[in-house]
1. To the nearest 10 square angstrom, what accessible area does Thr54 show with a 1.4 Å probe?
2. Take each of the peptides 163-171, 225-233, average the number of other beta-carbon atoms within 10 Å over its residues, and list them starting from the highest.
3. Using the Karplus equation 6.51 cos²θ - 1.76 cosθ + 1.60 (θ = phi - 60°), what ³J(HN,Hα) coupling, rounded to whole Hz, does each residue of segment 226-239 give in order, writing x for Gly and Pro?
4. Can you list residues whose amide H is under 5 Å from Tyr57's amide H, if they're 5+ apart or on another chain and H is modeled 1.01 Å from N?
5. Please calculate how many Å² of accessible area segment 40-138 carries per residue, with a 1.4 Å probe and no DNA, RNA or ligand atoms counted.
6. Could you give me D for segment 74-127, from Stokes-Einstein at 20 °C and 1.002 mPa s, where the hydrodynamic radius is the Kirkwood radius over C-alpha pairs? Units µm² s⁻¹, please.
7. Taking only the alpha-carbon atoms of segment 15-65, what semi-axes of the equivalent ellipsoid follow from 5 times the gyration tensor eigenvalues under a square root, in whole Å, largest first?
8. Mind ordering 88-97, 214-223 by average Cβ neighbours within 10 Å, highest first?
Amino acid sequence: MLSSLIMLCIVSAPVQAISNLYVPQFSVKLVDNSYDLPSNTTTTVDSYTGKETTTTYPGYHIVDRKIEVTIKNQPFTPYTAVTNHTINLYYDIEVQNLVDDHLSSFERVQSNSEYTVERFSVNHLADDTQLLFRVKAKIGYWHDLNEGQVISSVYGIKDPRFFVQEQSDWSSVQTFTLPKVSLLAESPSQTTDLPTNQHTTPNSNQTILTDILSTSLLLGLIALLLCAIVVLVILFFRRQTKTFDINNNLPSQTNLHTKISSSTVV
């Protein structure tokens, strides 16, 4: 009787199926979508003084960096279990920050394409931060908790909401170091007060060209005026010289009278 009971227990024990999952193959890379915002200029007019104030705000650099984990998918077709749950293949991704030893976990269901991709932001992490990655595959489904069950907040304890049917071993650990971010230096804003009848557009090629033409025109007018003055001075001195020569060549009235008198006496 005892031997029959032992045999019954052995036969009734659930047999774990051999897993067809293999250790996931994955890669890690940085996706940098950072960009520069150009400088911005605003103009306001004081209704009391009539002055126009132009303020230029300098451009700056927006950091938008994400880590992209790409996992090569495994052959699997989702199906419905007798419990009416859909059985899917999932990937668990663990990330450990070596700076503060913080451990994070991500879970993604396998996509319908060749790869499953997970992205997460690293804008809050400092340059040269080292991150460790590992991935494993699992087959199962999520279900509602029974009354009285609780979810442990301690990482590493199995989530009772997920029923694992199969799972692979963890992959080998990959180390990734965040590169340095190149930031643009921000200069202080510049404010200029101008009369309302003057309008300027900072950083405009048209304004620069207009200033050059205005300066050239002014210099040309000044040069033309100086030439006219020089010509007038030359003409004035020439006229004075001719008048002086005429006055010296003409005999005076007294000498002429003397010559006439001398001629009469003879």
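1. About 10 Å², ignoring ligands and nucleic acids.
2. 163-171, 225-233
3. Per-residue couplings from phi come out as 5, 4, 4, 5, 4, 4, 4, 5, 5, 4, 5, 5, 5, 5 Hz.
4. Answer set, sorted by chain and number: Asn40, Thr41, Thr42.
5. Accessible surface, normalised per residue, equals 55 Å².
6. After rounding, the answer is 154 µm²/s.
7. 61, 13, 4
8. Most protected by this proxy first, the peptides run 88-97, 214-223.
The values are calculated or read from the model by the stated rules, or taken from the named source; none is laboratory data. Please read these numbers as outputs of a predicted model, since none were measured by experiment. Because the Cβ atoms are built from the backbone with ideal geometry, glycine has one as well, and the counts that use them run over all protein chains shown. SASA here: full protein model, heavy atoms, side chains in, ligands and nucleic acids out. Shrake-Rupley method; radii C 1.70, N 1.55, O 1.52, S 1.80 Å.
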